[in-house]
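FYI, it's all coordinate maths here, none of it is from the lab. None of these values were measured; they are calculated from a predicted model. For neighbour counting, all protein chains shown are included, and Cβ atoms are generated from backbone atoms with ideal geometry for every residue, glycine included.
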Amino acid sequence: MNNSKQPIFSIPLFLMAYLAFTPLLCVGQAFADNLAPVKLGTASSFVILTKTGITNIPTSRIVGNMGVSPIASTAITGFALVPDSTNTFSKSPQVTGKIYAANYATPTPAKLTQAVLNMQTAYRNAAGRINPDFTELYAGNISNKTLAPGLYKWSTSVLATKDVTLNGGSTDVWIFQISGNLTLASGVNIRLSGGALAKNVFWQVAGGAGVILRTTSHIEGTVLAKTAIHMQTGASLKGRALAQTAVTLDHNVVRIGR
């Protein structure tokens, strides 16, 4: 008869603690990923990027590069383009930066194609974020509201008739998923407070009318529009206007947001 004891296997305490904590780590990582900034790729090189054109009623002030693709430079109007000697870009007295179009010389067409692909990928990324922190907030009327960092989702259009404040720190992120249109009434400002940065704010807008910034309104952040971005007289944007159709301008200021 063998009276020797069989070995008893036990899980070390440190391993048990790790296994118990792992689900929390996963949840925490998913939450962190959900609030990560939207990656723009080479689209980040542009303050305005569109697929069907940029029209302008002078005089506007654009700080950063502009680009259109797959359409030609004839779809950029109101800027009095002056082609560079290399024919890879143009300049304009209204633009502090370079202006690119798909019919310019190599390597511009390939660079624009990549930037547009990155713009579309960024749009899908913003639209595809899951587990929103806020759903259908204020039924889409964010007038006179202060919004904390997070992922917001609306199945409707979003409207602001009074100023809106985004309050948070320099690493906080706001992503707004809007199934309808986004409209800022005349004179309305999207304000940042508490150290919040425009580069961490993303407006993903799917509506057919797109984004309408009425006279003298102001928005902060990257605007990712499925269709157009319309800036009425004196409206301004600190961030980027990335539209899958057109951008229309009328005596506006558009500059890269940090």
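Between SER85 and THR233, what is the spin-label point distance in nm, taking each point 7 Å from the Cα along the Cα→C-beta axis?
So the two model labels end up 4.2 nm from each other.
Would you list, by chain and number, the lysines whose Cα falls below 29 Å from the Cα of LYS153, excluding same-chain residues fewer than 8 positions away?
Qualifying lysines at Cα under 29 Å: LYS39, LYS51, LYS145, LYS162, LYS199, LYS226, LYS238.
Give me the percent of DSSP beta bridges within the chain that run antiparallel, rounded to the nearest 5.
Rounded to the nearest five, the antiparallel share is 5 percent.
Taking a cut-off of 31 Å, what percent of all Cα-Cα pairs in the chain are separated by more than that?
When all Cα pairs of the chain are counted, 31 percent exceed 31 Å.
Could you tell me which residue out of ALA206, ILE76, GLN177 lies farthest along the dipole of the range 41-255 toward its positive end? Charges go on the beta carbon: Lys and Arg +1, Asp and Glu -1, centred on the Cα centre.
Farthest towards the positive pole: ILE76.
Per DSSP helix of 4 or more residues, -39500 (n - 2.57); summed, then divided by the residues of the chain. What does that give at 222 nm, rounded to the nearest 500?
Mean residue ellipticity at 222 nm (helix-derived): -6000 deg cm²/dmol.
Say each of THR135 and THR77 gets a label point 7 Å from the Cα, pointing the same way as Cα to Cβ; how far apart are those two points in nm?
For THR135 paired with THR77, the spin-label model returns 4.4 nm.
Fully extended, how many nm does the chain gain between THR161 and ALA185 (0.36 nm per residue separation, minus their Cα-Cα distance)?
Full extension of this stretch gives 8.1 nm more.
In nm, to one decimal, how far is the modelled label at ILE57 from the one at GLN114, with both set 7 Å along Cα→Cβ?
Those two pseudo-labels are separated by 3.8 nm.
Work out the length of the dipole vector of the chain about its Cα centre, built from +1 on the beta-carbon of each Lys and Arg and -1 on the beta-carbon of each Asp and Glu, and round it to the nearest 20 debye.
240 debye
Let me have the relative contact order for the range 41-255, percent, based on Cα pairs under 8 Å that are six or more residues apart.
19 percent
Averaged across orientations, what area in nm² does the convex hull of the alpha carbons in the range 32-74 project?
4.5 nm²
Would you calculate the volume per residue, in Å³, of the smallest convex hull containing every Cα atom of the range 80-189?
Roughly 160 Å³ of hull volume per residue.
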